[in-house]
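Nothing in this text is a laboratory measurement; each read-out follows from the coordinates by a stated rule. These numbers come from a predicted model, not from an experiment. Every residue, glycine among them, receives a Cβ derived from its backbone with ideal geometry; neighbour counts consider all protein chains shown.
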Amino acid sequence: MLEFDPYLAPFTTFGIQANADRVVAVESIADLITLFSKKPFPRILGGGSNVLLSGDVEGTVALMRIRERTIEREDADHVWVRFGAGEVWHDVVTWCVQQGWGGLENLALIPGTVGAAPMQNIGAYGVEQNAVFDSLVALDTETLDETCFDAPSCEFAYRDSVFKHKYRYRMIITSVTYRLSKKPVVNTTYADVWNELEAMGVTDVGIADVYRAVVQVRTRKLPDPKQIGNAGSFFKNPVVSADLHEALKSEYPTMPAYPQSNGTYKLAAAWLIDQCGWKGHRRGDAGVHANQALVLVNYGAATGAEILQLATDIQASVLEKFGVELEREVNVW
Ligand code: FAD
Ligand code: NAP
């Protein structure tokens, strides 16, 4: 197995300075079995784009680098493709669009790996990965058996799955199979996407247009971790009852809210945080991004503890002002 300097800053997008005892790359299931044959078990890291290191990591950090792209089967309408967990997510999306296979184009430019995508059921611009998910294979670290999960057994929900709870640290995802469409129907429900398409002058919209629009909007709007450390949205958008939504809406008529199919409402966490005055706030090297209040940033030398304290203070002020609890989306190690 390839060994790296056990300094972790280059391996997470937050760029927090911390160490592990050992850092290795996992390129096969055999590598994983070797690592999980004795305790203490290593921690798995994909692209490190959804992790905040609260301090040094005891033991080994294993970088998921299993590569595979295999067409399992196809029919007139769909193709089922298995991707190794270490494939880079955006490269996979780009490749699928190039093949003319639809379903993942709205998820372009999300950092990280394929294996982490089912973990929080990644989503953007009205699409979540479970829309085209078929199944995955995971190594059960207790038995060292390979286990297949279909969609219901993954318990996918908004930025959530069984792998964030019951199977956290136990199941290591080694491959994911997506069922992609040969006759795709595009999703342009988000204003940013259709505004971009309009600006591009596209009328007959295909998946390559949506892909390009998403890449352009994201490049313009979201902080690039190569320039400034961050892990994307630090909090989930809260989903509240119809009663609370009504009460808040009468007090804050401009508050954005999106009705859900079960009668609840999704609020925009970024708006709530902004209203509490946090946007652009900086405390040492920890801060809230100036254009996107949902993104906490590391200006260089912030510690995980400083970012966490800032997050806790933001949660407290949103709770006090709106009576709404913000849940962390980022995994804290
Ligand atoms: P990591 O950060 O390496 O890992 C995340 C967690 O999953 C860790 O606990 C890790 O142990 C575990 N894990 C990783 N791989 C495996 C595996 N193979 N098996 C078991 N456990 C594993 N997310 C969205 O949903 N939508 C977005 O639009 C979005 N935009 C983002 C934009 C930016 C700029 C950034 C920095 C992040 C964004 N994110 C977004 C969050 C992040 O990119 C996703 O959650 C991504 O799927 C994380 O992948 P990763 O490989 O980096 O995971
Ligand atoms: P945005 O388009 O400015 O919208 C703000 C919020 O309102 C989003 O969080 C989104 O919820 C919600 N929203 C907007 N239009 C909606 C619609 N038509 N129907 C339902 N909900 C709607 O958001 P943004 O910050 O620029 O991000 C764009 C997309 O990329 C979003 O989907 C966001 O989730 C995703 N993103 C995620 C991360 C991450 O780390 N998780 C980071 C960057 C961007 P949703 O978040 O539920 O979509």
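Which of Asn130, Asn121, Asn291 moves the most in a Gaussian network model of the chain with Cα springs under 10 Å?
Largest GNM mean-square fluctuation: Asn291.
Residues with amide H under 5 Å of Asp134's amide H, sequence separation 5 or more or different chain, H placed in the peptide plane at 1.01 Å from N; which?
Residues meeting the amide H criterion: Thr177, Tyr178, Arg179.
For the range 125-239, count the residues as N, evaluate 2.2 N^0.38 Å, and divide the Cα radius of gyration by that value, please.
It is 1.33.
For the range 18-60, taking Cα atoms only, what is the radius of gyration to one decimal and the Dmax to the nearest whole Å?
That works out to 11.1, 30 Å for Rg and Dmax.
For the chain, report the % of Cα-Cα distances exceeding 26 Å.
Looking at the chain, the distances longer than 26 Å represent 52 percent of pairs.
Based solely on C-alpha atoms, express the radius of gyration and the Dmax of the range 69-181 in angstrom.
Cα-based Rg and Dmax for the range 69-181 come out at 13.3, 40 Å.
Taking a label point 7 Å from the Cα of Ile33 along the Cα→Cβ vector, which residues of the range 58-100 have an amide N closer than 18 Å to it?
65-67, 85
Bin width 10 Å, alpha-carbon pairs only: give the P(r) of the range 54-127 as whole percents, running from 0 to the bin holding the largest distance.
17, 45, 27, 8, 3, 0
Which of the lysines could be linked to Lys221 by a straight reach, that is with a Cα gap under 24 Å, when you skip same-chain ones fewer than 8 residues away?
Straight-distance partners of Lys221: Lys236, Lys266, Lys279.
If I model the range 228-331 as equal point scatterers sitting on the Cα atoms and use the Debye formula, what is log10 I(q)/I(0) at q = 0.21, 0.24 Å⁻¹?
For the requested q values the scattering log ratios are -1.04, -1.28.
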